[in-house]
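Student: Quick one: the structure is below, and I'll ask about it shortly.
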Amino acid sequence: MLSGLVIVDKPQGWTSHDVVGRMRRLAGTRKVGHAGTLDPMATGVLVVGINKATRLLTYIVGTSKTYTATIRLGESTVTDDAEGEVTATRSAASVTEEAVRAGVAALTGEIEQVPSSVSAIKVNGERAYARVRSGEEVKLAARPVTIHRFEVHGLRPERGGEALDVDVLDVDVTVECSSGTYIRALARDLGEALGVGGHLTALRRTQVGPYTIDQAHTLEQLAEELDVLEMSQAARALMPNRELSDEETTEISFGRRIAAGAAAGTPGAATPENPAAGFAPDGTLVALLADKGSYAKPVLVFAPDNEKRAPKPPTAEQQAGQ
């Protein structure tokens, strides 16, 4: 059974769900998922899991992301990006590069961010964007996010934005951030801090965890040749590695515990939320492991013919009947 990750370069105008549907047809399986939604306007890295590799996706979702983007200062929109209606315009002609860089610096590090009101966050069981579309005013609570890097590459003054009669300023940036960060909210907040409003006009995700745009393929390329990152390769890049002996491989394959890893008892110890990948002597991914005390236990076992969690060893009665 084909299992692994596919690093897709998502095209503009496609939803992440559209890409999953396309990959189901290309891979010939229904068991396909993705690790982190990209808005239709955005392009770039979308990590897709096929069959057993869908069980790795939960550990990819929480990794840091990197984007290149263009922020337009001088216009605000209802969606905080170019897909929404312009709600306000204010000339950005007097905004200096020094002010932009100061505004960017204030939005770097650990911050509290209010997500866009048209995000997919659920409010009383319904997506926020659905409530906005029905005419409801939605205000979401701020949440902590970390902006590891917010770098300005260039400023481009433009005459005539969407309203055709306002001086706008386009700012090209790179953002490296924690999971859960909304880049369009950064654009909105930068514009508000500068007193002119702002929204996102372009967004491209260039990295998700260890997976980069250099590894990505377009859907057209994947239709010609389905390039799948094999499970062991995907796990080696994603999480700490532990090389198992033959005996440890056997024990873990039956869901039994083994001696803890070298990092046990330190902040770097494997946990159920951030496990280590255990590999057999032949390089095969055997299980994801978490340390507890002097032992390591399997969080998830990848058996050759099934996808069961930590299967129990056969009983004496079962062994007698074999």
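The values are calculated or read from the model by the stated rules, or taken from the named source; none is laboratory data. The shown structure was predicted, so the numbers you read here are calculated from the model rather than taken from an experiment. With ideal geometry, Cβ positions are generated from the backbone for all residues, glycine too; neighbour counts draw on all protein chains shown. When the accessible area is computed, the model is the full protein with side chains, heavy atoms only, and any ligands, DNA or RNA have been set aside. Shrake-Rupley method; radii C 1.70, N 1.55, O 1.52, S 1.80 Å.
Student: Before we move on, is THR181 open to solvent by 20 Å² or more (accessible area, probe 1.4 Å), of a type outside the set (A, V, I, L, M) and at negative phi?
Tutor: Criteria not met by THR181.
Student: Being farther than 30 Å from VAL95 by Cβ and not in a loop (DSSP other than H, G, I, E, B) is the filter here; which residues of the stretch 30-52 pass it?
Tutor: VAL32, GLY33, HIS34, VAL45, LEU46, VAL47, VAL48, GLY49, ILE50, ASN51, LYS52
Student: Also, quick follow-up: Within the set of pairs 6 or more residues apart or between chains, which connect a residue that is of a type in the set (Phe, Trp, Tyr) inside the stretch 266-290 to a residue that is open to solvent by 50 Å² or more (accessible area, probe 1.4 Å) with Cβ atoms less than 9 Å apart?
Tutor: Between residues of the stretch 266-290 that are of a type in the set (Phe, Trp, Tyr) and residues that are open to solvent by 50 Å² or more (accessible area, probe 1.4 Å), the close pairs are PHE279/ARG236; PHE279/ASN241; PHE279/GLU243.
Student: Then there is this: Could you tell me which residue of the stretch 53-103 is surrounded by the fewest Cβ atoms within 10 Å (Cβ to Cβ), considering only residues that are among the charged types (D, E, K, R) and in a loop (DSSP other than H, G, I, E, B)?
Tutor: The extreme case among them is GLU85.
Student: Any residue in the stretch 227-244 that is under 11 Å from PRO275 (Cβ atoms) and open to solvent by less than 40 Å² (accessible area, probe 1.4 Å) sitting within a Cβ distance under 8 Å of a residue that is of a type in the set (Ser, Thr, Tyr) and in a helix (DSSP H, G or I)? List the pairs, counting only those 6 or more apart or interchain.
Tutor: What qualifies is LEU238/TYR59; MET239/TYR59.
Student: Can you tell me which residues in the stretch 163-178 are surrounded by fewer than 20 Cβ atoms within 10 Å (Cβ to Cβ), of a type outside the set (Gly, Ala, Ser) and either within 31 Å of the chain's Cα centre (by Cα) or modelled with pLDDT of 95 or more (or both)?
Tutor: ASP170, ASP172, THR174, GLU176
Student: For the stretch 1-27, give me each residue that is exposed (fewer than 14 other Cβ atoms within 10 Å of the Cβ) and without any contact (Cβ under 8 Å) to a residue 24 or more places away in the chain.
Tutor: HIS17, GLY21, ARG25
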